[in-house]
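What follows is one structure encoded as structure tokens, with my remarks underneath.
Each reported figure results from applying straightforward, stated rules to the coordinates on display, with no laboratory input. Every value quoted in this text rests on a predicted model; they were computed, and no experiment measured them. Methodologically, a virtual Cβ is constructed for each residue, glycine included, from the backbone with ideal geometry; neighbour enumeration extends over all protein chains shown.
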């Protein structure tokens, strides 16, 4: 399988096929299932799919097995490999969705899986917001401003969310065979945007609305990074901390807990009020 | 302890939460606030663990694909921790589609297997889920029952294959590769101290009798009920009025019809007898129950 692959939002990265990827990285630390890291390098090996190596923030090499499922290849490239590249660049791959208002203000909705981020993001697009990213948001700093980088034009929604929004599923692309998860096209922006607010959807069912202050902000950015366990073994901890501190200083952050138990319209109202 | 995971395994509503509270009070040396009870890597915390260690998030995988990676996720996790941990599960002892045990035996120190008379389970499970008892009886009879899974969405907790009540109980009673200590809920109530002594010994704790007594007292049902009433309990499902209800054995009395009791015994009688549970809702005293 030698199809061309790309990494969304990282247009300078060329994914090359390399039939000679090593079984292990010299001196690497095993940090997860089939995942090992060395300085500024990550190697992921998934039986039945292949090997994936991300290095120095701009180099991706893959060695796919004959039977590799293209959906899994795409998931690995758009997930852990993309996150590794962003970490290696010293930027933050924040789990969540980013949107930009008509006035050019960007927000990032972050939090653990199932916290309601994508559903709220979709509701905001119905109110005129444009999508910047969904899944992993690349955040960096330009001067003293935190910036969200564009990468996706679709929001992933589960079938039940599509039904609640009255979206006709028949015309949508399934994210994966066998899963009732759909790629819903929305109005998207292709330009980096300054972040005015990062919302943490929390992990509790308990309703809360609390501004995050001081050190809490940088800690939250680290915790909500995609696969924070990659950071230290790739020797990216120092640059990560510096970037998290800069982002924390340059944008507001807010904990909005219990989103799953609220009406999505109410959540969107709250977010829009917070942005004002 | 070379294998750091202690499994607390049970069919739902069989005393798992109470046992976790006692063990955590024991470790802490004092009462544990209800909402400080950690998730013991069950439900949503298990999903967070999976997403942290696996190369693809659970939300992008099918249940079979998640199951296939779970044993390796647990093994990786076990290799990273330096102190024993409790892990709650409602899964039956089971193998993944490719034949691996879903919890790697090499990483499991032992299993505390909690069982409860199915009459009480039916009543408690129905209340817990905000359904009627016939619903619970039906679910308890379903072979290979899988909970918390929807095709059109991935709920926060990862799915569990709990099987039928009989299937779940039998899977832990015999044939699994683990060191299993089976404990009846009824004995936890009626012979509380010796039963928890047995649990404490099985998990490998060294604790004085006074400390065990303190942990038991700190988690008395009346205290738990009062605390839940005052501050709530985050593990209570939205459909349930209260997590801690009666808590007593034979709480089915007055709530199950003759037909419902007969139906449960018809489906699960053979396994009930192995645990000393009788068709009239009574049970053999601990001294006569063999769990064979």
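Relative to the present Cα-Cα distance, how much length would full extension add between residue A:210 and residue A:168 at 0.36 nm per residue of separation? Display every interim value, and only then the final one.
Values: separation 42, 0.36 × 42 = 15.12 nm, distance 3.62 nm.
Extra length from residue A:210 to residue A:168 when fully extended: 11.5 nm.
Just rank A:89, A:217, A:127, fewest to most, by other beta-carbon atoms within 10 angstrom. Don't jump to the answer; show the numbers that get you there.
Working: A:89 19, A:217 23, A:127 14.
Starting with the residue having the fewest Cβ neighbours, the order is A:127, A:89, A:217.
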Item to complete: Mind grabbing the base-10 log of I(q)/I(0) for the stretch A:182-276 at q = 0.12, 0.13, 0.20, 0.21 Å⁻¹? Debye formula, identical points on the C-alpha positions, no solvent, two decimal places.
Response: -0.49, -0.58, -1.14, -1.18
Discussion item. So if I take the centroid of the Cα atoms in the stretch A:200-242 and the same for the stretch A:3-45, what is the distance between those two points in Å?
Written reply: 24
Worksheet item: What fraction, in whole percent, of alpha-carbon pairs in the stretch B:109-235 exceed 16 Å separation?
Response: 74
Fill in: Rg(Cα) / (2.2 N^0.38 Å) computed for the protein assembly as shown, rounded to two decimals
1.03
Practice prompt. Kindly rank A:196-202, A:255-261 from highest to lowest mean number of other beta carbons found within 10 Å of each residue.
Written response: A:196-202, A:255-261
Worksheet item: Could you work out the helix-only [θ] at 222 nm for chain B, with each DSSP H run of four or more residues adding -39,500 (n - 2.57) and the total divided by the number of residues, to the nearest 500 deg cm²/dmol?
Response: -13000 deg cm²/dmol
Practice prompt. Please provide three numbers in whole Å: the alpha-carbon extents of the stretch A:210-261 along the principal axes, with the largest listed first.
Written response: 38, 24, 12
Worksheet, complete the sentence: Once both label points are put 7 Å beyond Cα along the C-beta direction, the residue A:237-residue B:62 separation in nm becomes 4.1
Worksheet item: Of B:82, B:91, B:72, which is the most mobile in a GNM of chain B whose springs link Cα atoms less than 10 angstrom apart?
Response: B:82
Fill in: Cα→Cβ-extended label distance, 7 Å offset, between residue B:273 and residue A:6, nm
6.9
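So what are the stretch A:184-240's ellipsoid semi-axes, whole angstrom, largest first, if each one is the square root of 5 times an eigenvalue of the alpha-carbon gyration tensor? Kindly include the intermediate steps, with their values, before the conclusion.
On the way: eigenvalues 105, 84, 37 Å².
Working from the Cα gyration tensor, I get semi-axes of 23, 20, 14 Å.
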Item to complete: Rank these for me by crowding, B:98, A:113, going from fewest to most other beta carbons within 10 Å.
Response: B:98, A:113
Worksheet item: the stretch B:119-137 to the stretch B:16-57: how many Å between their Cα centroids?
Response: 24
Practice prompt. Would you mind giving the mean number of other chain beta-carbons within 10 Å of the Cβ of each residue in A:69-76, as a whole number?
Written response: 2
Discussion item. Can you compute the helix-only [θ] at 222 nm over chain A? Use -39500 (n - 2.57) per DSSP H run of at least 4 residues, normalise by all residues, nearest 500 deg cm²/dmol.
Written reply: -7000 deg cm²/dmol
Worksheet item: In the stretch A:1-77, what is the volume of the convex hull around the alpha carbon atoms, normalised per residue and reported in Å³?
Response: 89
Fill in: Choice from A:90, A:79, A:32 showing the highest fluctuation, given a GNM over chain A with Cα pairs closer than 10 Å
A:32
Worksheet entry | Radius of gyration and maximum dimension Dmax of the stretch B:66-109, Cα, Å | 10.4, 30
Worksheet item: Pick from A:191, A:11, A:56: which is most flexible by mean-square fluctuation in a GNM of chain A where alpha carbon atoms under 10 Å apart are linked?
Response: A:11
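With the cut-off at 1.5 for a/c, could you classify chain B from its C-alpha gyration tensor as rounded, prolate or oblate? Walk me through the intermediate numbers first.
On the way: a/c = 1.36, a/b = 1.13, b/c = 1.20.
Judged from the Cα gyration tensor, chain B comes out rounded (a/c under 1.5).
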Item to complete: Using R₀ = 30 Å, calculate the FRET efficiency as 1/(1 + (r/R₀)^6) where r is the Cβ-Cβ separation of residue B:144 and residue B:284; round to 0.05.
Response: 0.50
Fill in: residue A:183 paired with residue B:191, simple spin-label distance in nm, labels 7 Å along Cα-to-beta-carbon
6.2
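Just want the ordering: B:187, B:280, from fewest to most Cβ atoms lying within 10 Å of their own Cβ. Don't skip to the end; give the middle numbers.
Values: B:187 21, B:280 9.
So the residues, fewest neighbours to most, are B:280, B:187.
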Discussion item. How long are the semi-axes of the equivalent ellipsoid of the stretch A:92-275, taking √(5λ) for every eigenvalue λ of the Cα gyration tensor, in whole Å from largest down?
Written reply: 26, 18, 17
Worksheet item: Percentage of Cα-Cα pair distances in the stretch B:29-160 greater than 23 Å, rounded to whole percent?
Response: 41
Item to complete: Compute the Kirkwood hydrodynamic radius of the stretch A:1-140, taking the inverse of the mean of 1/r over all pairs of distinct Cα atoms, and give it in Å to one decimal.
Response: 16.2
